[in-house]
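Notes to accompany the following structure.
The values are calculated or read from the model by the stated rules, or taken from the named source; none is laboratory data. Just so we're clear, the structure is a prediction, and the values are computed from it rather than from any experiment. Every residue, glycine as well, gets a Cβ built from its backbone with ideal geometry; the counts of neighbours run over all protein chains shown. With ligands, DNA and RNA removed, areas are computed over all heavy atoms of the protein, side chains included. Shrake-Rupley method; radii C 1.70, N 1.55, O 1.52, S 1.80 Å.
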Amino acid sequence: MLKAVGDPVLRWRHRSWRQALLCQQIIASGCLPGTRTFTNSGSAPGSQTGTTENKTTVDNLYNLSVNIKKIRRLKNWTLYEDVAYVQETASILKDMGASDVTVANILESCPEAFLQEPAEIHSQKSIWNLVCPKDGELIALIEKFPDSFFTCKSPIHQRANIRYFQDLGLNNKIVSRLLTSAPQIFCNQVESNKKMVDALEENYLSLGGTRVNFKAWFMKLISQDPFVLSKTTESMKENLKFLQELGFRDEKVLKLLSKLKGFIFDLDKEIMEKGVLFTTSTFKCTNEELRDMVMKCPALIYYPVPLLEERIGLLLREGASINQVKECPNVLELTPQIVQFRARKIKQLGRRIEDQSLEVLNGTKKDFEVNFGKLQVRKERPLFNPVAPLHVEE
């Protein structure tokens, strides 16, 4: 059992691809016992019963100022259902503190909401209240992630998994974020999630980690990729074995796990082997140098070789050398558009890429702005060396 410790600062990125991936995985996995899901397709599912739009549904949505054209374009089948609960759903949301605008946003973003019986919504609300007891905060989550709340439900498994994660020592804030970003893991049987957590802990300890530190490591891992709990333990073991065969010591493998985030479960052995051969031959590096490069840039083992070739070629065309890339391989994680933009900015200062460390190109947008600012200052106001001899005429 994990011990409760202080909460680490977690950074969450909520992007549209997560919702797309969520829907794909839910549909691919099929409905679990006691789970009710809807399709995200605009075409009518098998439950559609009417041949024309339900006039009452459309009128009720119109009265709530819902963008009906958006629903017709994305999920028109919901307007054909004989039974809908538009007013009831809106009333429940308003009782939770939602404004008229918020209600309209939720219903047009997730029209499946008004197809559920009020009892179902109340049941789901009671489950989410276990980790988000304040209705005002819950409404804010529902508005951002309506699909997670309305279309992925398995009451028995959800309650059991919430209790399990809370028993692990994860606070409600983290569990609520898991509910929004990866709700399908709460539809798994508790034994399935427990098996994965136990496997993660076993491998973490076998690599020299401690039980005291496991919780913080586990929390960081699921914050980076909560979908890891839906992966298989076999893929993790095989990929860890591959890294160890490359000569990585246990503590280095632990660091790589953090750098790779959830990718450790998705790595393909063939791609990794090709990446190792390509890196070794391209950069003429020793085994030790290879490991150093992979530690700096894990993408060397999970990017396909054609992608690596394309990005190296771009850097060479911008004036960089192979040795420069070897010294700063993580620049390969930047997209071509970012590299070209940053290289152009540097050249506008009269600087040559070949005369710089590629670290000047690297990092986040904020990192680059800081580096670029330093170069700009040097150009406008050269540094004065007080101990350098003065060149004056006798």
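Kindly indicate whether LEU170 is open to solvent by less than 40 Å² (accessible area, probe 1.4 Å), touching a residue at least 24 places away in the same chain (Cβ under 8 Å), part of a loop (DSSP other than H, G, I, E, B) and out of contact with any strand residue (DSSP E or B) (no Cβ under 6 Å at 6 or more places or on another chain). So LEU170 fits the description; yes.
Under the condition of being outside any loop (DSSP other than H, G, I, E, B), among the hydrophobic types (A, V, I, L, M, F, W, C) and touching a residue at least 24 places away in the same chain (Cβ under 8 Å), the residues counted in region 331-363 number 7. Here LEU221 clears all of (1) open to solvent by 70 Å² or more (accessible area, probe 1.4 Å); (2) within 13 Å of the chain's Cα centre (by Cα) except the condition numbered (1).
Any residue at all in region 203-211 that's in contact with a Ser or Thr (Cβ under 9 Å, 6 or more places away or on another chain) and crowded, with 19+ Cβ neighbours inside 10 Å? Scanning region 203-211 turns up at least one residue that is in contact with a Ser or Thr (Cβ under 9 Å, 6 or more places away or on another chain) and crowded, with 19+ Cβ neighbours inside 10 Å.
Is it the case, given these coordinates, that GLN87 is closer than 16 Å to SER176 by Cα, part of a helix (DSSP H, G or I) and among the polar types (S, T, N, Q)? Considered against the rule, which asks whether it is closer than 16 Å to SER176 by Cα, part of a helix (DSSP H, G or I) and among the polar types (S, T, N, Q), GLN87 comes out as no.
Of everything in region 242-268 that is at pLDDT 85 or above and basic (Lys, Arg), the residue that is least open to solvent (accessible area, probe 1.4 Å) is LYS252. Considering region 143-156, the residues that are under 27 Å from ALA98 (Cβ atoms) and open to solvent by 30 Å² or more (accessible area, probe 1.4 Å) include one that is modelled with the lowest pLDDT, namely PRO155.
Out of all the residues in region 88-96, is one or more open to solvent by less than 10 Å² (accessible area, probe 1.4 Å), modelled with pLDDT of 95 or more, within 30 Å of the chain's Cα centre (by Cα) and closer than 19 Å to ASN60 by Cα? Yes: one or more hits.
So, of the residues in region 269-296 that are aliphatic (A, V, I, L, M) and crowded, with 16+ Cβ neighbours inside 10 Å, which turns out to be farthest from ASN213 (Cα to Cα)? So the residue we want is VAL276.
Do we find a residue being charged (D, E, K, R) and closer than 27 Å to SER176 by Cβ anywhere in region 52-61? Taking every residue of region 52-61 in turn, none turns out to be charged (D, E, K, R) and closer than 27 Å to SER176 by Cβ. The number of residues in region 208-235 that are assigned to a loop (DSSP other than H, G, I, E, B) and more than 19 Å from LEU267 (Cα to Cα) comes to 3. For region 113-132, state whether one or more residues are more than 25 Å from ASN60 (Cβ to Cβ), in contact (Cβ under 8 Å) with a residue 24 or more places away in the chain and open to solvent by 50 Å² or more (accessible area, probe 1.4 Å). Yes, there is a match, as at least one residue in region 113-132 is more than 25 Å from ASN60 (Cβ to Cβ), in contact (Cβ under 8 Å) with a residue 24 or more places away in the chain and open to solvent by 50 Å² or more (accessible area, probe 1.4 Å).
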